[in-house]
Amino acid sequence: MTVLHRESRQSAYHANAYQFVFAALQYAQEKLGRDRSNAQSGHVSGEELLDGIRDMSHRHFGLMARTVLHNWGITTTEDFGRIVFELIETGRMRKTDDDQLDDFIGVYEFDDSFDADYFIDTSVAFSDSSSSR
C-alpha cells in the first residue's frame, strides 16, 4: 500500500483549505451529475468548481464563510486556483490540457458572494406553527 504524503514545503494556505477544495470538487461533480470514477466525464471547469466552493461555503459556514476562508489565507477566487494547481503539481489532482490558473481569476468577488448574496430562509421561523398541532 502506498501512502501519499504532502510535500514538506510551506504553503500560503491552511491545510483545511486543501481538504475543503477536495470536498467541493466531489460536491460539484455530484451536483452536476458527473461520473467521478471517469477522468473525462468527471471533469469540472474552474468556474464550476468555484460555484461548488461557494455553495459548500454557504452550507457549512453560513455568514462566517468569508471569515473562515480568510483565516485559511483565501481572499480571492485565484487563491482557490492556486490551491488546485498545487494539488495538481503534487499529483493529488488531475487537469485537462485546457485547464489553467486564469480560469480561477476574478470569477466572483468575495464580499458579494459570501456576504451580500447570502440568503437566510426565515420562512419556517415565521410560519403558523398552530397548523402542525
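The table that follows gives values for the structure above.
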| quantity | calculated |
| --- | --- |
| Arg82 vs. criteria in contact with a helix residue (DSSP H, G or I) (Cβ under 9 Å, 6 or more places away or on another chain), among the charged types (D, E, K, R) and surrounded by fewer than 16 Cβ atoms within 10 Å (Cβ to Cβ) | no |
| Complete set of residues in segment 87-99 that are assigned to a loop (DSSP other than H, G, I, E, B) and either touching a residue at least 24 places away in the same chain (Cβ under 8 Å) or on the phi > 0 side of the Ramachandran plot (or both) | Thr90, Gly91, Arg92, Met93, Arg94, Thr96, Asp99 |
| Search result, residues across segment 109-120 that are loosely packed, with under 10 Cβ neighbours inside 10 Å and either at pLDDT 80 or above or more than 22 Å from the chain's Cα centre (by Cα) (or both) | none |
| Residue in segment 54-75 that is of a type in the set (A, V, I, L, M, F, W, C), assigned to a loop (DSSP other than H, G, I, E, B), in contact with a helix residue (DSSP H, G or I) (Cβ under 7 Å, 6 or more places away or on another chain) and modelled with pLDDT of 95 or more present | yes |
| Within segment 32-53, considering residues that are over 14 Å from Thr96 (Cα atoms) and of a type in the set (Gly, Ala, Ser), the one modelled with the highest pLDDT | Gly52 |
| Segment 100-126 residues that are closer than 20 Å to Glu78 by Cβ, paired with ones that are surrounded by 12 or more Cβ atoms within 10 Å (Cβ to Cβ) and of a type in the set (A, V, I, L, M) (beta carbon under 8 Å, 6 or more apart) | Phe104/Leu50; Phe104/Val84; Val107/Leu50; Tyr108/Leu50; Phe110/Leu69; Phe114/Ala65; Phe114/Leu69 |
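The values are calculated or read from the model by the stated rules, or taken from the named source; none is laboratory data. Only a predicted model underlies this, so the values are computations on that prediction, with no experimental measurement involved. Virtual Cβ from ideal backbone geometry, glycine too; neighbours counted across all protein chains shown.
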